[in-house]
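Right, one structure below, let's go through it.
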Amino acid sequence: MARLSAPRLRQARLWLLVVGVRGRWQLRLALARHRWTWYAAAVSFLLGLLGLASTPLGSVPAFLAGVVGVLLSLILLAPEWVALRRGRVALVRNRAVTTPPVVAPAGLVRLATDPSEVAWCRPDVDEALRDADAGYLWSADRHVLPKRVTAHAGTILAARVRRGTMFNGRLVRQDDELTPELLRAGEIRLSDTDYYSLICSNYLFGWRVVDRRTGAVHLDGSRLPYAEDGRLLTLSESRLANAIGVSTLAMTTDRKFVLCWQQPKAAVSGGGLAAPAGSGSVDLTDLRDRPPGESFVDFLTAAMRRELMEESHLTPHQLGRTWMLGYFRWLNRGAKPEYLGLTMLTVSSDDLHDTDVRLVETPYVQRLTVDCRMDLEQLRRDPDSLDCLPEDVAAAASMPLYMGVRALGAALRRDPELDRQLRGPSGSQAVESVHDAG
């Protein structure tokens with residue numbers, strides 16, 4: 001188990017102090033769009049003071065006009081200041097979990113250790129992902145969030161963004177719902193979004209925007225992913241940010257797994273939970289310098305590998321083959337799309353001993369485990385169970401980890417040769433055979 005060393009901890013504190021300026025500046029810019037009346041009142045007050053100070057003492061009418069201007073500015077400023085310090089609406093947690101009606105082949109999966117965490121899955125899509133030839137089509141145009149969301153964006157951001165450790169990065173949105181037919185021969189449309197839009201839409205699930213005075217509910221975030229009849233909206237119909245999430249399990253040559261332990265105060269994900277070594281969002285940098293004609297699956301696995309290197313402090317030469325295991329929509333995150341993979345490493349767990357968390361990941365990743373054992377035979381027998389993991393890991397499993405382990409178990413059942421190779425005597429042989437099978 002690798003922990004952040006004392007020297008690197010001091011460097012991390014310095015890093016957070018420096019980058020905190022960036023996070024606070026981005027938040028101020030975002031909030032300025034929603035608090036323009038406050039800023040206008042403040043500017044009017046300052047201009048009134050400036051005009052009053054520059055008025056000649058002998059000019060009584062001009063002096064009186066300046067006094068009136070300052071008083072009017074104060075009258076405008078006072079309610080805006082109160083609204084700034086204590087908004088008209090508040091965010092209230094809603095523990096009730098909404099689940100949609102499903103029609104086969106779709107199904108719902110609940111996290112074994114927390115049944116309130118729910119995923120929407122399609123086994124036929126998981127099957128089609130293995131041999132998918134679909135490409136992708138990028139558009140820089142942004143989808144506009146629903147007006148009932150943007151009306152309260154300032155309140156949501158002010159309440160949910162942890163200042164100084166959260167950046168408004170640009171992310172990749174998925175515009176099409178996956179089907180086996182689309183994956184076989186089609187193009188999945190992608191577009192531009194950002195993290196703040198994700199916070200205000202998908203991550204509003206489980207929260208209500210409530211009027212402080214009357215208690216009236218202005219917006220129920222748990223209803224945003226659904227149609228009026230309770231049906232889960234397809235990604236083609238949904239107007240939420242729907243940023244693509246990716247997670248990949250990382251297996252060493254001695255058949256142990258690398259895991260990340262999230263910070264206890266993680267902003268939107270469960271704090272202190274165990275997650276795959278590479279777990280995050282597809283961002284705009286993943287689209288740069290991609291080869292022409294690249295498949296959608298290759299694009300996603302490249303993003304998984306980038307996340308794996310960033311979160312687990314691995315280098316490109318330590319990564320072997322990565323391939324796709326499955327897909328789900330995370331209902332507790334506004335039904336955003338999530339992809340699961342498996343990456344064979346070219347190093348052993350011993351080679352990774354004392355690997356530190358990358359400095360830039362310290363706000364989100366608490367520590368790394370580089371030698372987690374997994375009983376693959378138990379997993380193949382029962383993919384829905386976490387009994388294949390050590391007790392401490394199973395008890396703290398996050399949704400991406402559970403879904404990744406579950407998808408690996410299903411893949412082992414479908415492919416006996418993959419099962420044999422992953423449990424074989426040599427990790428290098430496993431990498432080779434997986435490359436042939438992928």
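Observations
- For residue 216: the one exception among (1) farther than 30 Å from residue 367 by Cα; (2) in contact (Cβ under 8 Å) with a residue 40 or more places away in the chain; (3) not aromatic (Phe, Trp, Tyr): (2)
- When residues in the range 245-274 are screened for being open to solvent by 20 Å² or more (accessible area, probe 1.4 Å), at pLDDT 90 or above and touching a helix residue (DSSP H, G or I) at 6+ places or on another chain (Cβ under 8 Å), 4 of them pass.
- Taking the criterion of being touching a residue at least 40 places away in the same chain (Cβ under 8 Å) and surrounded by fewer than 24 Cβ atoms within 10 Å (Cβ to Cβ), the residues of the range 275-288 that qualify are 281, 283, 284, 286, 287.
- Beta carbons closer than 6 Å, at least 6 apart along the sequence or on distinct chains, pair a first residue in the range 169-197 that is within 10 Å of residue 296 (Cβ to Cβ) and touching a residue at least 40 places away in the same chain (Cβ under 8 Å) with a second that is open to solvent by less than 40 Å² (accessible area, probe 1.4 Å) and part of a helix (DSSP H, G or I) for 178/125; 183/128; 188/296.
- Single residue of 367, 381, 358 found to be at pLDDT below 95 and touching an Asp or Glu at 6+ places or on another chain (Cβ under 8 Å): 358
- Residue ID - farthest from residue 126 (Cα to Cα), chosen from residues in the range 63-85 that are open to solvent by less than 50 Å² (accessible area, probe 1.4 Å) and modelled with pLDDT under 65: 77
- Checklist (1) farther than 25 Å from residue 228 by Cα; (2) buried (at least 17 other Cβ atoms within 10 Å of the Cβ) applied to residue 88, failing item: (2)
- Qualifying residue in the range 289-298 (condition: of a type in the set (Asp, Glu), outside any loop (DSSP other than H, G, I, E, B) and out of contact with any Phe, Trp or Tyr (no Cβ under 7 Å at 6 or more places or on another chain)): yes
- Per the listing 182, 198, the residue uniquely surrounded by fewer than 24 Cβ atoms within 10 Å (Cβ to Cβ) and aliphatic (A, V, I, L, M) is 182.
- Qualifying residue in the range 210-220 (condition: basic (Lys, Arg), over 22 Å from residue 106 (Cβ atoms) and surrounded by fewer than 19 Cβ atoms within 10 Å (Cβ to Cβ)): yes
The values are calculated or read from the model by the stated rules, or taken from the named source; none is laboratory data. Just so it is clear, the model here is predicted, and its values are computed rather than measured. Cβ atoms come from the backbone with ideal geometry, glycine included; neighbour counts cover every protein chain shown. These area figures cover heavy atoms from the full protein model, side chains too; ligands, DNA and RNA do not enter into them. Shrake-Rupley method; radii C 1.70, N 1.55, O 1.52, S 1.80 Å.
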